[in-house]
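Notes follow once the structure below has been shown.
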Amino acid sequence: MKLKAFLFGILCTGLWVSCDQTAILNENNPIDNKAWLYTSPSTFQFHISDNTKKYDVLMDIRHTPEYAFSNLFVLIHQQGPDKKRYTFRKEVKLAKPDGKWTGKSSGSLYNNQTIIHNDYQFPDTGLYIVSIEQHMRENPLKEITDIGLKVIPK
């Protein structure tokens, strides 16, 4: 009986781990000295081989409890194989109106994940470059530790 439970546990763990392996990109870039400069965007590269599929594109932001704001504005620059650059601004709420952080806590860090594109169909196959630039009034923006990007086929 214990052997069956053990084997079932291994099977479930294997399935759980393999589900996360479908992401074509899951990368986090550290911010030097927890001080994010305008001139230091986080840049990510990935290849789209099937432009008939839909994808979710998610951004991860990690910060300390000493982060001074309840939100974060970023500029997201996306460039595809055609070399055209598309830029848009996004606000990420990091705290509730009462001041409690919204992200998942892990020790002294909070991780917020937000959707950049939901059910997005990339227009062409090839190399894509996404840069995430902080767009706040403070420079450097202190207590941001990492910026990440995840691209998941649906």
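The values are calculated or read from the model by the stated rules, or taken from the named source; none is laboratory data. Fair warning: this is a prediction, and the values are worked out from it, not measured in the lab. So basically every Cβ, Gly included, is an ideal-geometry build from the backbone, and we count neighbours across all protein chains shown.
If you check LYS100, LYS93, LYS84, LYS142, which single one turns out to be under 17 Å from the mean Cα position of the chain (by Cα) and of a type in the set (D, E, K, R)?
Every option except LYS93 fails the conditions.
For residues in segment 59-75 being crowded, with 16+ Cβ neighbours inside 10 Å, touching a Ser or Thr at 6+ places or on another chain (Cβ under 7 Å) and not basic (Lys, Arg), which is nearest to LEU127 (Cα to Cα)?
Residue satisfying both the conditions and the ranking: MET59.
If we only count strands (runs of 3 or more DSSP E) wholly inside segment 53-119, which ones have 2 or more residues that are over 13 Å from GLN134 (Cα atoms) and at pLDDT 95 or above?
The strands (runs of 3 or more DSSP E) meeting that bar are 55-63, 71-79, 85-93.
For PHE44, work out the one condition from (1) over 19 Å from LYS90 (Cα atoms); (2) in a strand (DSSP E or B) it doesn't fulfil.
(1)
Picking from ASP124, ASP119, which residue would you name as being farther than 24 Å from ASP32 by Cβ, over 16 Å from the mean Cα position of the chain (by Cα) and not aliphatic (A, V, I, L, M)? So that I can check it myself, show each step before the final result.
Numbers: ASP119 fails: over 16 Å from the mean Cα position of the chain (by Cα).
Criteria check complete, one pass: ASP124.
For segment 106-148, what are the residues that are in contact with an Asp or Glu (Cβ under 9 Å, 6 or more places away or on another chain), surrounded by 15 or more Cβ atoms within 10 Å (Cβ to Cβ) and β-branched (Val, Ile, Thr)?
The answer is THR114, ILE116, ILE147.
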